[in-house]
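Have a look at the structure below, then the notes.
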Amino acid sequence: MIDEKTDGGMIDGTERRTVQEPENGLAVVAASGAVSEEGLPGAVKGDGVGPARASGVHSWVRDMVISVVVSAFIIIFLYQPVRVEGTSMLPVLEDQDRLFINKMAYRVGEVHRGDVVVFLYPHDHTKSYIKRVIALPGDDLRIDHGRVYVNGTAVEEKYVPLRFEDDRSEPEMVIPANDYFVMGDHRSISSDSRDFGPVERSLIYGKAAFVYWPMDQAGVVR
């Protein structure tokens, strides 16, 4: 766990590799919605029950295999479940929130200002952080007592509540090519690009998409 004063908004790597939730969900749908007539009571003609039972088993195995394949495809290529450790992204994300990240978003699209992204920590690639993109490559950035200016214009940051603001400043800089300046929404405790510098594009591997646990926090990440 990261100390709150240097809260990196880490992502638990072990949780990312878990495919339990989506596999279970898809298995239930497949088992209840894809049963053929051969597996239904009274749908098989004949004197014995052996063929009907065998058909039911084959149908169940087929559905399970399809469920596992579809779940694996989603987890490997599209979405990945992760767990948040830390409070640097409050109030949008809380400590121990579970969410799905979209791994395809930046393979086929661009990173935008305001995106909540997951990336490998620049100084230790065994750790992952989650932050919000503030400035893009080529942007002129400065921070004046907590007030962020991009290309000379003050950024309206509705996602940063007044109680989470700080008065840190950063001298004017131009974000290098292929780099992104990221910050946590809880500015007073976040360890971000103000500390470790801009993040290379190659280190960003997902976009926060949807919180699925706890249920009262479920919703799209904005």
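In table form, for the structure just shown:
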item	result
Sequence of 74, 143 once ranked by neighbouring C-beta atoms within 10 Å, starting from the fewest	74, 143
Förster-model FRET efficiency, 41 Å R0, residue 113 and residue 73, C-beta, rounded to 0.05	0.85
Amide H contacts of residue 189 (H built 1.01 Å from N, under 5 Å, at least 5 apart or other chain)	none
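Read the figures in this text as sums done on the coordinates, not as results from a lab. Predicted model only: the values in this text are computed from it and were never measured. Every residue, glycine as well, gets a Cβ built from its backbone with ideal geometry; the counts of neighbours run over all protein chains shown.
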